[in-house]
1. Only one of these is surrounded by 10 or more Cβ atoms within 10 Å (Cβ to Cβ), hydrophobic (A, V, I, L, M, F, W, C) and assigned to a loop (DSSP other than H, G, I, E, B): 30, 13, 25. Name it.
2. Restricting segment 33-64 to residues that are outside any helix (DSSP H, G or I) and among the charged types (D, E, K, R), which is modelled with the lowest pLDDT?
3. Kindly establish whether residue 13 is at pLDDT 80 or above and β-branched (Val, Ile, Thr).
4. Could you please give the count of residues in segment 36-46 that are of a type outside the set (Ser, Thr, Tyr) and surrounded by 10 or more Cβ atoms within 10 Å (Cβ to Cβ)?
Amino acid sequence: MKFINYLTSIAGVSIFPLLSLMIFVTFFAVLIIYLIKSDKASMEKLGNIPLEKNDDQLNFSKYE
């Protein structure tokens, strides 16, 4: 028996693909709106965090 046969026996299974697509599209639409409306200077600062050298962080280079 194929997997598709198990799905056809579930009542209301046809709503799940539509629901998952709606959640996917909504999430990325909200993400794009957030990125468009966000402050460019703060995004630049957040983008440079991994590149900055910070003395507060542990220095693991002595263990290499």
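The values are calculated or read from the model by the stated rules, or taken from the named source; none is laboratory data. This one's a predicted model, so the numbers in the text were calculated from it and none came from an experiment. Note that we place each Cβ from the backbone using ideal geometry, even for glycine, and neighbour counts take in every protein chain shown.
1. Numbers: 30 fails: assigned to a loop (DSSP other than H, G, I, E, B); 25 fails: assigned to a loop (DSSP other than H, G, I, E, B).
13 is the lone residue from the list that is surrounded by 10 or more Cβ atoms within 10 Å (Cβ to Cβ), hydrophobic (A, V, I, L, M, F, W, C) and assigned to a loop (DSSP other than H, G, I, E, B).
2. Residues of segment 33-64 outside any helix (DSSP H, G or I): 38-39, 48, 52-60, 64.
Subset that is among the charged types (D, E, K, R): 39, 52-53, 55-56, 64.
Values: 39: 89, 52: 77, 53: 75, 55: 61, 56: 58, 64: 49.
Once the filter is applied, the top-ranked residue is 64.
3. Details: at pLDDT 80 or above: no; β-branched (Val, Ile, Thr): yes.
So residue 13 does not fit the description; no.
4. Taking segment 36-46 and keeping what is of a type outside the set (Ser, Thr, Tyr), we get 36-37, 39-41, 43-46.
Narrowing further to those that are surrounded by 10 or more Cβ atoms within 10 Å (Cβ to Cβ): 43, 45-46.
Result for segment 36-46: 3.
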